[in-house]
Amino acid sequence: MKIYAVGGAIRDTLMGLAMHDIDYVVVGSSVDEMLAKGFRPVGKDFPVFLHPETQAEYALARTERKTGKGYKGFLFHADPSVTLEQDLERRDLTINAMAQEVGVGGNLIGPIIDPHNGQRDLAAKVFRHVSDAFAEDPLRLLRIARFAARFPEFTVADETMAVLQAIVESGELNALSPERIWQEFARGLVASKPMRMLQVLLNTGAANTILPSTLVAELSSEACRESLMTHLHASPAQLESRCAVMLMQLPASEIRTWSECVRMPIEVRDFSEIFSELNLFISKNPNGKYQAVDVLFWFNRADVWRKPSRTQLLLDLARKIGLNVSVLIKAMQAAQALNPAEIIAKVAAEDRSNGERIRSAVEVARLAAITSVLS
């Protein structure tokens, strides 16, 4: 029985990056032996165990065979006869198909085992698939797109790009669950260069399956791609902000439709829709001269009164990508500074139990505060 660290841990170490999650592969062992050593089984589709002390995941070396569509359509085989080289052969990219033995104390020992020249491709900054089995898992297309966003200096090997395009043509992307699509996509959005992910999706043809049709049409223009790249670079590496910027030219209704297709989290969806409406509002007033009633309408839409921090994030994001929102920020601050008790005190005594009358008085006061700023 031997234990190896594999995949991203070795890649990141060679790149001088910090190791976070380490994938461990156990060679020459069995389910019975792992259980006898105190490991706790957690894998549903193949033997994965939690270490009795560290709770790190350890998987038995395995092979796999395609049996159906999508990323779940595989039959796995794991027993003591499966070698490390066989296990590495089923991995996606050469830079993720390297391993190093783990010593008794948990440290890495011995040479790096690199049967597919991952170190060469790492030095050349190339994403290259390991074997023909790569094409059997459509999720790998999204993984490469995400890797392109994380490692923007890398390029996709020509032969690997051809396989990615073949995956799209096969229709296998349609077998992916919305949750898995969003999981990979979201991770790419918050990486260092999210535009690289979108470019891979465009180059492979996957954008037509994964992205909203209006966004795909928009990205066909080089000027639009350049503009989006600039805006994404200026926005903070937070999922809500990056998603909102990517979708800012889409109507809120289309954002809602796509969010349902990919199971987007509700808070990300709402942030994106409201930011889209803010962008449309600003674009309709290029000279920065707003009507107070329209400003109040957007404030109410953004729910500034109950969610002031979110509204501040929306306006800060707009400012960071170059939209002129200074007067909107001042108007928001003026409206927020109103004292509800003072407003209610001015309402006729017989109307103070009338919720609609109170709401109307508050709206009038907020409108007056916004008007004073705009004037």
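The values are calculated or read from the model by the stated rules, or taken from the named source; none is laboratory data. Nothing here was measured: the structure is a model prediction, and the numbers come from that model. A quick note on method: Cβ atoms are made from the backbone with ideal geometry, for glycine too, and the neighbour counts reach across all protein chains shown. The area values use the complete protein model at the heavy-atom level, side chains included, leaving out ligands, DNA and RNA. Shrake-Rupley method; radii C 1.70, N 1.55, O 1.52, S 1.80 Å.
Within region 32-48, residues that are closer than 14 Å to residue 75 by Cα reach partners that are open to solvent by less than 80 Å² (accessible area, probe 1.4 Å) with beta carbons closer than 6 Å, at six or more positions or on different chains, in the pairs 46/62; 46/76; 46/78; 47/31; 47/60; 47/78. Scanning region 320-353 for residues that are under 17 Å from residue 280 (Cβ atoms) and open to solvent by 60 Å² or more (accessible area, probe 1.4 Å) turns up 322, 324. Would you check if there is a residue in region 122-140 being modelled with pLDDT of 95 or more, among the aromatic types (Phe, Trp, Tyr) and either surrounded by 16 or more Cβ atoms within 10 Å (Cβ to Cβ) or in contact with a Gly (Cβ under 9 Å, 6 or more places away or on another chain) (or both)? Yes, there is a match, as at least one residue in region 122-140 is modelled with pLDDT of 95 or more, among the aromatic types (Phe, Trp, Tyr) and either surrounded by 16 or more Cβ atoms within 10 Å (Cβ to Cβ) or in contact with a Gly (Cβ under 9 Å, 6 or more places away or on another chain) (or both). Scanning region 1-21 for residues that are modelled with pLDDT of 90 or more and open to solvent by 30 Å² or more (accessible area, probe 1.4 Å) yields a total of 7. For region 207-220, a residue qualifies if it is open to solvent by 40 Å² or more (accessible area, probe 1.4 Å), part of a helix (DSSP H, G or I) and of a type outside the set (A, V, I, L, M), and the qualifying residues are 208, 209, 213, 214. Could you tell me whether residue 237 is of a type in the set (A, V, I, L, M, F, W, C) and surrounded by fewer than 20 Cβ atoms within 10 Å (Cβ to Cβ)? So residue 237 fits the description; yes.
Going residue by residue through region 145-162, is there one that turns out to be within 12 Å of residue 206 (Cα to Cα) and surrounded by fewer than 21 Cβ atoms within 10 Å (Cβ to Cβ)? Step through it out loud before you land on a result.
Restricting attention to region 145-162, the residues satisfying the condition of being within 12 Å of residue 206 (Cα to Cα) are 145, 161.
Filter once more, keeping what is surrounded by fewer than 21 Cβ atoms within 10 Å (Cβ to Cβ): 161.
Yes: one or more hits.
Among the residues of region 74-82, is any under 30 Å from the mean Cα position of the chain (by Cα) and at pLDDT 95 or above? Within region 74-82, not a single residue is under 30 Å from the mean Cα position of the chain (by Cα) and at pLDDT 95 or above.
Answer with yes or no whether residue 70 is of a type in the set (Gly, Ala, Ser), at pLDDT below 90 and either within 30 Å of residue 155 (Cα to Cα) or assigned to a helix (DSSP H, G or I) (or both). For residue 70, the condition - of a type in the set (Gly, Ala, Ser), at pLDDT below 90 and either within 30 Å of residue 155 (Cα to Cα) or assigned to a helix (DSSP H, G or I) (or both) - is met.
How do the helices (runs of 4 or more DSSP H) wholly within region 128-206 filter down when requiring 3 or more residues that are within 19 Å of residue 8 (Cα to Cα) and under 15 Å from the mean Cα position of the chain (by Cα): which remain? Even if it seems obvious, please write down each step before you answer.
On the way: elements: 139-150, 158-170, 178-189, 194-204.
Answer list for region 128-206: 139-150, 178-189.
Kindly indicate whether residue 229 is of a type in the set (A, V, I, L, M), part of a helix (DSSP H, G or I), touching a residue at least 40 places away in the same chain (Cβ under 8 Å) and closer than 25 Å to residue 165 by Cβ. Taking the combined requirement at face value, the residue does not satisfy it. For region 73-92, does any single residue satisfy the condition of being within 30 Å of residue 195 (Cβ to Cβ), open to solvent by 20 Å² or more (accessible area, probe 1.4 Å) and of a type in the set (D, E, K, R)? Within region 73-92, one or more residues are within 30 Å of residue 195 (Cβ to Cβ), open to solvent by 20 Å² or more (accessible area, probe 1.4 Å) and of a type in the set (D, E, K, R).
Within region 264-287, residues that are open to solvent by 30 Å² or more (accessible area, probe 1.4 Å) reach partners that are polar (S, T, N, Q) and outside any loop (DSSP other than H, G, I, E, B) with beta carbons closer than 8 Å, at six or more positions or on different chains, in the pairs 269/259.
Close Cβ contacts (under 9 Å, 6 or more residues apart or on different chains) running from residues in region 92-115 that are more than 13 Å from residue 3 (Cα to Cα) to residues that are open to solvent by less than 40 Å² (accessible area, probe 1.4 Å) and of a type in the set (Ser, Thr, Tyr) comprise 93/160; 114/94.
Counting only residues that are assigned to a loop (DSSP other than H, G, I, E, B) and polar (S, T, N, Q), region 73-125 holds 4 of them.
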